[in-house]
Structures are given as C-alpha cells and as structure tokens.
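The values are calculated or read from the model by the stated rules, or taken from the named source; none is laboratory data. This structure is a prediction, so every number in the text was calculated from the model and none was measured. Neighbour counts run over all protein chains shown; Cβ positions are idealised from the backbone, glycine included.
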Amino acid sequence: MGNSPRDPIFINSIFFNLYLCNSSQIEKKRTEVSQIEVNRYWGLMKVLFEKYHYPPEFIFNMDETPICNDSNRLSMKVVCPNSIQKPKRNLEKSSFHISAVCCVSSDGSSLPTLIISKLKTIPSKLILQNHLVQLDFVQTNSGFIDKDIYYLWMLKTFIPFLEKTRNRLNSNHPALLTLDGHKSHFDVRTCELAIKHGIDIVCFPVNETHIYQPLDCGIFCSLKNHLKRQDIPKSFTHFVTNARDGMQVAFTFKNIISAFKHTGIYPLNPEKTGFSLEINNKSSVSTPSKRIHLGGTLLTQPEIVEKLKQREEKQIKKRIRHNQDN
C-alpha cells in the first residue's frame, strides 16, 4: 500500500516535496553538461592562479547580450520538486537584433559598453550625451558580434582600459579575460593581439556560462528586469536610453563583486559552483582534439592558436572551392 499512488501517505510525501516558484528560461542545449570540460576549466584556472596570482583589477569577464523588451521572456510560475531550486524552461527566440558587448572586472569596475546596431547612422544625441555609463557604437548588418567586432573591441576598448589600469597601479601584471565559446571569440588575430599585451583568454565550458560566467549570474538579469519595467521604446534613442539606465542599475560595485564570488572565479573557489577539482594539472591544459573542443581551455596557448590557424585555413579553402563550383 505504501507504494500505491492512491495511498494517502504516498500522496502526502509527494505533495509536501513540491513548492510554487517563478521559472526562468534556458536554452535546451544548456542542459547538456560536459564534465570533462568542467574539470579541464577548473584545472586550468587553478594552474593560472597559482602561476600569476592575478590581482582583482586584472581579472575580467566579457560577454555580449541582446537587449530587448520581449514579453516571451517574462517569468512563469511552475510547480516543481523542492530539490530544484532554480527551475528553467526552454527559451523562445526573439527577432530583436541589438547587442551590447559588456565587460566587468572582479574589483567591481566595468568597461565602456559597445552597442552593436543595424542602424548605419547613430543619433548624435546618444553620442554627445553625458552619462555615468559610457557607450560606444558600431554597425553591422546582423546586429550581432563577429570576429571583426571582437578584434575591434579588444583593440579599442579592452587594451586601452587595461593599459590605463597598469599605469595607475604601476604594474605590468598579466590579465585574465574569461568569455564564452561564441564562434567570434575563436579569432587568431585577437588571440595574437592578446598574447602581445599579456592577456590570458580562458573559454568557459560549453553550455555552462549560466553557472560560471559572472555577467550571466545576476548582472544581465538585473539589466533585463529593469527593461521589462520600462515603456516599450518607440525609437532607437529611447531604447538605448532605457538600456543605459538599466546598465547603471545592474553594473554596480556590489553586483559585480557578488557575481565573481558566486561563480568561484574571485576568490578562486570551484566549490562555489558545486564541483570539486579531482584532476591533475597536466590534463587541465591539454590541447583540443581535431574537432577543437575549446570549452575550458586557454585560447592564448600557442598550441591552440596554431589549431585555430589550421581551422581558419581549412575554412578559407572550403569557401574557395564552393565559389569555384558555383
């Protein structure tokens, strides 16, 4: 009787293990976890921190995010077991194509935000407007980041900010830049530029940025929640103004410090994310296979840069053959 679905004891045991809460959306692919990449990521981080002892002023996280007012992204109440603290549901894609390239440091500071837009002409009011949050603008046909935009951001935004920090602290300490596995980040030019300026670029495990990336752990959420409470923008200027105000709310010293601590990056603590480090240092810095799985790897490692060069050469040859066939 104890195992029967009609037994009151059975029903009570199920009922009292459930609770009502808000669910947030998550892409289906993010539920696919690679423990190998997670272990490789934490092993690499441990090696780098033991070698360089990065100060908080030299630890960064960069990511790009679409900024939009979309009713599909609102939360929804669901019933789920007590064991699931933060329920997720599949993300419904939006057709809004304006992106923001953001970067924060574990000392609580943030870099100027790069707004990627389809508009060929940016209203002068936005460029000349004084604000606590500094914005730069760039135009692409897609409204998304690509390798050229990533290289431009590294050259014009990140490196000048880093050099200014080094001059202020009178230090030439190496910097750590963490980012996700977006295809635009696997750019040979940018990796070589980073090596030249003493920047170590670490790629998060695939599909795990909602756990390991500071910007995804509270900061972007605060930005999007602010936008949901605003009126629907009627113009590009109105939209960007709302986004800029949201960034001022989200990119606070407290939020940034908390995000780096929550993800275990600074102070370095893998236990914060629920994983324990049980691998040796050699396996943590191994080069990828022929398919180039770059999750949890050091993109500025010479062996990986060479792999990226080989992949780019193959892609160029493939495009040439495709054009010749057509």
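Before moving on, here are some points about what is shown:
- Residue in region 247-263 that is farther than 21 Å from Tyr41 by Cα, part of a loop (DSSP other than H, G, I, E, B), modelled with pLDDT of 90 or more and out of contact with any strand residue (DSSP E or B) (no Cβ under 8 Å at 6 or more places or on another chain) present: yes
- Total residues in region 116-172, condition among the basic types (Lys, Arg), within 26 Å of Asp245 (Cβ to Cβ) and crowded, with 16+ Cβ neighbours inside 10 Å: 0
- Candidates Asp200, Asp216, Asp187: the one that is in contact with a Lys or Arg (Cβ under 6 Å, 6 or more places away or on another chain) and of a type outside the set (Gly, Ala, Ser) is Asp187.
- Look at region 219-230: where a residue is under 18 Å from Asp63 (Cα atoms) and a partner is outside any helix (DSSP H, G or I) and modelled with pLDDT of 90 or more, sitting 6+ places away or on another chain with Cβ atoms under 6 Å, you get Phe220/Thr65.
- Count - residues of region 233-265 that are among the aliphatic types (A, V, I, L, M) and more than 13 Å from Gly218 (Cβ to Cβ): 4
- A count restricted to region 190-235 and to residues that are within 23 Å of Asn269 (Cα to Cα), outside any helix (DSSP H, G or I) and over 10 Å from the mean Cα position of the chain (by Cα) stands at 8.
- Residue count for region 173-213 under the criterion of being farther than 17 Å from Tyr54 by Cβ and β-branched (Val, Ile, Thr): the result is 5.
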